[in-house]
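As structure tokens, the structure follows; a few thoughts come after it.
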Amino acid sequence: HIYQIANNTFNNFHTNQTILVSGESGAGKTHATRSLMKYFAYISSKSNTSHIEDKVIQSNPILEAFGNAKTMRNDNSSRFGKFIKLQFNNSNVLLGSQIDTYLLEKIRVVRQSSKERNFHIFYQLLSNELKYKYFLKDATDYKYLNYKFIYRDDLVEDSDEFLLTLSAMRTMGFSEIEIDIIFSIISSILHIGNIKFEDGQIINTQQTIDNIIKLLNI
């Protein structure tokens, strides 16, 4: 059982422990990892008055927003690998964590298969009125989003997920300026995807180019 594995690992704190979560698409790797981290954070919080455990848990919405996407087999498929290191002292207090990502499926940004989505963060931002600050319209207006809006089958509301992501970023210590810069870059990617060329010349309206220039501050 997932909690028994976590408990056995935690009780062997005198040596470094590793849990490998693997399986086919849709097997539950993301959910299992999320459950493990919640369990460790809960145990640590009983003896720790800091907010480190909150930050460990709040890293999940950010990782999933920027690294997960709807595929043919899974509505919340991780399109990257991650190595998560949780650091405890001899009193079982969680002191910190380190999360490394690798093998990010970058090609998904510019091309997805039919009935698949780009990374969640694009749809999350477009579901909130904040999008107007970044000159954005609807998902159907952007080539990088298949020119169509595809809902996730599990009835997850992108607008609700966006609020969770935004809250997680603030909990993790992102400043409002940093958040604004990140959303500006995300938005500029969507605008850049709509640039059209003909005989080597850009044929877009000047407004599209102006928006990109403003978002990237160039």
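The values are calculated or read from the model by the stated rules, or taken from the named source; none is laboratory data. Keep in mind that this is a model prediction, so the values were computed, not measured. Heads up, the Cβs are rebuilt from the backbone with ideal geometry, glycines too, and the neighbour counts pull from every protein chain shown. Heavy atoms of the whole protein, side chains included, go into the accessibility calculation; ligands, DNA and RNA do not. Shrake-Rupley method; radii C 1.70, N 1.55, O 1.52, S 1.80 Å.
What the table below lists for this structure:
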item	result
Listed residue (57, 42, 113) projecting farthest to the positive dipole end of segment 1-144, Cβ model	113
Debye intensity ratio in log₁₀ form over the Cα atoms of the chain, taken at each q of 0.10, 0.12 Å⁻¹	-0.53, -0.73
Extension gain, residue 101 back to residue 216 (0.36 nm per residue minus Cα-Cα distance, nm)	38.9 nm
Sequence-separation-based contact order of the chain, relative, with Cα cut under 8 Å and 6+ spacing, percent	16
Prolate/oblate/rounded call for segment 126-218, Cα gyration tensor, a/c under 1.5 rounded	oblate
Dipole axis of segment 116-218 (+1 Lys, Arg; -1 Asp, Glu on Cβ), positive-most option in 171, 127, 181	181
Accessible-area order (highest first, 1.4 angstrom probe) of the listed residues 18, 165	18, 165
Degrees, to the nearest 10: 206-216 long Cα axis against longest axis of the chain	30
Qualifying GluC sites (Glu not before Pro) in segment 1-106, DSSP loop, other Cβ atoms within 10 Å at most 12	24
Rounded to 10°, Cα long-axis angle of helix 176-193 versus longest principal axis of the chain	50
Set 82/137; 115/143; 38/115; 137/214; 115/148; 29/70 screened for pairs whose C-alpha atoms are more than 21 Å apart	82/137; 38/115
Segment residue 195-residue 91, extension gain: residue separation times 0.36 nm, minus the distance between their alpha carbons	31.8 nm
Carbon and sulfur %, accessible surface of the chain computed with the full protein complex present, 1.4 Å	53
Theoretical gain in end-to-end length, residue 202 to residue 24 [0.36 nm per residue, Cα-Cα removed]	59.8 nm
Given charges at beta-carbon only (K, R positive; D, E negative), |dipole| of the chain in Debye	440
Solvent-accessible area per residue, Å², over segment 116-173 with all protein chains present [probe radius 1.4 Å]	52
FRET efficiency, residue 3 to residue 179 (Cβ-Cβ, R0 41 Å, nearest 0.05)	0.75
Label point distance in nm, residue 143-residue 167, each placed 7 Å from Cα along Cα→Cβ	3.8
Principal axis dimensions, segment 1-45 - Cα atoms, whole angstrom, descending	34, 21, 15
0 to 90° range, to nearest 10: angle between helix 52-67 axis and the chain longest Cα axis	40
